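S.K.: Sharing a structure with you now.
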Amino acid sequence: METLMVDRVQSSLSQFMHRNAIFLCERLCAEFPTELNLQLMATCYLRNNQPYCAYHVLKGKQMAVSRYLFALSCFQMNLLREAEASLCPANEPNSEVPNGAAGHYLLGLIYRCTSRRAFAIEHFMQALAIDPLLWAAYEELCVLGAAEEANECFSDAIAVRIQPQYFFESSSQSIDGANEDHNLPSSRSVGSQDSPKQSKQIHAANNMPYYPQGVVTTANCIPSNLPLYNTPSPPVTQLSGIVPPPVYRNAYLNALGGDVSSKPNAHATTQAPRRKFMDEGKLRKVSGRLFSGSDSGPRRSARLSGDAMANVNLHSSQTGANGTNYSSAKFLGGFPSSKMGSSALRSVSNRKGQQLSAESFDEGRRPDTLDVPWSQASAAASSSLSMLSDGANTDQERGHPASCGTSGHESGVITGVKDLLFLLRILGEGYRLSFLYRCQDALEIYLKLPQHQYNTGWVLSQVGKLYFELVEYFEADRLFDLARRLSPCTLEGMDAYSTVLYHLKEEMKLSYLAQELVSIDRLCPQAWCAMGNCYSLQRDHETALKNFQRAVQLDSRFAYAHTLCGHEYIALEDYDNGIKCFHSALQVNERHYNSWYGLGIVFLRQEKFEFATHNFHRAYHINPRSSIIMSYLGMALHSLKRNDEALVLIDKAIIADKKNPLPMYEKANILVSLERYDEALNVLKQLIEFSPRESSVYALMGKIYKILNMHDKAMFYFGTALDLRPPAADVAVIKSAMEKLNLPDELEDSL
């Protein structure tokens, strides 16, 4: 009877009939109240998004699997201390972390959420050591800025550890006589059919065999990835498919079964027109350009980091696209200055050059020269694998005699391992570089992917994010749009996409995107971030703030939502609450440089220049390639009269992005303060070539000519500045300066 009931529970779970599974499992536990059956009960509750029930079922249980499931339920309920105590009991300091790699991964998440970075890194590395294919752990290391190069983490030598593990499990299956795959579906499959809230919380299947005698063996500590090899899985009576915990970052499974996406291409040649100048007393948010209109609030950048996905499922990434060419309807041309004239951009990023053009990405396709056969590419990158694998296989064959078809089977496994490691090396290195903000290098790495892997929702979303960081909004729009075509229900990166549309003033597209995301999953923070951006574009900051707060309510570990709240508070001039929001984002992810930048903007507005300099320095340390961060740091240093340091940074900013007028304008301001008027005029004349309709440039030139007692030229440039319709506050200052042209002894207010 017990065996029959367990089988029926497993069958119900495999068919997503969670309520039926819970009912049958309650009957099972009433009839046979063993801890193993309670573990199955907790699994049913976790699958049905009821961690509080799993918590009460397993509280006080001591078996390793029970402790892991209890810790997982605590983590989902944000009871981090209890989760840690379950995985690492205080009275057993040397006890082994249950559930192997998944247990270490969960413990790493707990340490990361409690701001213990060193311990988090240690456990993520241990998880990778146990299961080299646990992408989620490598992803977390990238977010923390502590990942090794992908060539090291996914080297050919890793295959020596993977293959014996696989053959051992295959032999165990043969001995146990398990000829059918009773694995529960992965959390991806479960999430695609369950409620949106559950799809947010359950990630990345990690198979765990069940042993009827209640013994947790060594194999149980090594998460299995057998489905990758298309072989039978271990016999499962109760606890197959126990999953690692979710990563609360910018990533969720979508509720309709779309691709799982994670986070970040080459440069487009399209150049966007510049914005209005930002007065130092009215600084905007992180801007990819200098100028912002008087009617636009400060904007911000999507990084998170923000954002990112816990696991990349190889199978789904392979089947996410069929390699077919898709045509993007987005016109990749320049847009009128009126489109962008009153917007201050959100993203803190830089442009490193225009080596790679948009033509290289013909609707998501990469150059044909890179479309080499998968087996050839992986073989070239794994030339030393065969010799290592042969030795491992020989030892394995001695310990576990195989049938006559074993050698062919092992050969297939070796090929699969080589292909998988080759794929992870490319994806891992591109992902690592994106979190080091080496965007151009990351784009070049992703270009090495075969076409069928490149044309998937996850990769195209990463490429779109990289273009977003490079302030190439046209190309970012094209890539995100293509990603949505390939994976219509994807949620990954949609917060960044909504920001891109904000900067492009695509009000209709942004509104459509927000409504579509809400219809897909009302409980995902990306949807409410898009909705908030839509209202912010209409300058309805109070409603935008409510939508961003809704995103925070849905996921308090979504760093970008906290940052967006902070910028809306700045727009409403509520600086205290803005500072609190930025601090909340940094508690989630201390490398979320946008929040450091936001704090710098707040203190710069409050004229607390020392604090502003400190926060801009922190942002610059994380993202040292951003022209915008360097410009604002130089601005803060100039306010502290540290003009030599400011000029050095401003020159670096100009080199980093020669199309960004902000550092050139700030350099002219610094030169004026140093009474180097001729140099300042030369810089401003160059700036007019880039931005001929910016009133602030002409106003500053008029001020310089007034100082030089060249009143005719001063009057001409002041008049030109007024003709360009500057903000109302600037109009008053310019008119006052014009009235005082004939009063050289009187000091006028600075423009």
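The values are calculated or read from the model by the stated rules, or taken from the named source; none is laboratory data. Please read all numbers here as calculations on a predicted model, not as lab measurements. Heads up, the Cβs are rebuilt from the backbone with ideal geometry, glycines too, and the neighbour counts pull from every protein chain shown. Ligands, DNA and RNA are excluded from the accessible area calculation, which covers all protein heavy atoms including side chains. Shrake-Rupley method; radii C 1.70, N 1.55, O 1.52, S 1.80 Å.
S.K.: Using protein chains only and a probe of 1.4 angstrom, how many square angstrom of L4 are accessible, to the nearest 10?
M.R.: 110 Å²
S.K.: Continuing with this model, one more query. Hey, got a sec? Which trypsin sites (Lys or Arg not before Pro) in region 100-131 land in a DSSP loop and have at most 16 other Cβ atoms within 10 Å?
M.R.: Qualifying residues, ordered by number: R116.
S.K.: Another question about this same structure. At each listed q (0.13, 0.18, 0.22 Å⁻¹), what is the log10 of I(q)/I(0) that the Debye formula gives for region 630-717 modelled as equal alpha-carbon point scatterers?
M.R.: Taken in order of the listed q values, log10 I(q)/I(0) reads -0.40, -0.74, -1.04.
S.K.: Would you kindly compute the Cα radius of gyration of region 455-576 and its largest Cα-Cα separation (Dmax), both in Å?
M.R.: When restricted to the Cα atoms of region 455-576, Rg and Dmax are 13.6, 44 Å.
S.K.: Provide the descending list of Cα extents for region 17-145 along its principal axes, expressed in whole angstroms.
M.R.: Principal-axis extents of the Cα atoms in region 17-145, largest first: 49, 34, 25 Å.
S.K.: What are the radius of gyration and Dmax of region 525-629, computed over its Cα atoms and given in Å?
M.R.: 13.3, 37
S.K.: If you rank C25, C53 by how much accessible surface each has, with a 1.4 Å probe, what is the order from largest down?
M.R.: Sorted by accessible area, descending: C53, C25.
S.K.: So, one more: Can you send over the solvent-accessible area of E148, 1.4 Å probe, protein chains only, in Å² to the nearest 10?
M.R.: 90 Å²
S.K.: If you don't mind, there's one more thing I want to ask. Just in region 520-608: which GluC sites (Glu not before Pro) are loop by DSSP and have at most 11 other Cβ atoms within 10 Å?
M.R.: E573, E607
S.K.: Considering only C-alpha atoms, what is the centroid distance from region 469-502 to region 1-60, in Å?
M.R.: Cα centroid of region 469-502 versus Cα centroid of region 1-60: 41 Å apart.
S.K.: Restricting attention to region 657-751, which GluC sites (Glu not before Pro) occupy a DSSP loop and are surrounded by at most 16 other Cβ atoms within 10 Å?
M.R.: Loop-located and lightly packed - E675, E746, E748.
S.K.: I would also like to ask the following. Evaluate 2.2 N^0.38 Å with N set to the residue count of region 481-545, then give the Cα radius of gyration divided by it.
M.R.: Against the compact-globule rule of thumb, the ratio is 1.01.
S.K.: Let me ask another. How long is region 619-677 along each principal axis, judged by its Cα atoms, biggest number first, in Å?
M.R.: Taking max minus min along each principal axis of the Cα atoms, region 619-677 gives 33, 24, 13 Å.
S.K.: Once a ≥ b ≥ c are taken as the square roots of the eigenvalues of the Cα gyration tensor of region 431-511, is the result rounded (a/c under 1.5), prolate (a/b larger than b/c) or oblate (a/b not larger than b/c)?
M.R.: Judged from the Cα gyration tensor, region 431-511 comes out oblate (a/c at least 1.5, b/c at or above a/b).
S.K.: How many percent of the accessible area of region 538-687 is carbon or sulfur, using a 1.4 Å probe?
M.R.: Solvent-exposed carbon and sulfur of region 538-687 make up 46 percent of the total.
S.K.: What is the Å³ per residue value for the convex hull set by the Cα atoms of region 19-88?
M.R.: Expressed per residue, the convex hull around the Cα atoms of region 19-88 is 64 Å³.
S.K.: Report, in listed order, any pair from K465/K546; K658/K713; K667/K706; K59/K580; K61/K580; K546/K703 with a Cα-Cα distance greater than 31 Å.
M.R.: Exceeds cut-off: K59/K580; K61/K580; K546/K703.
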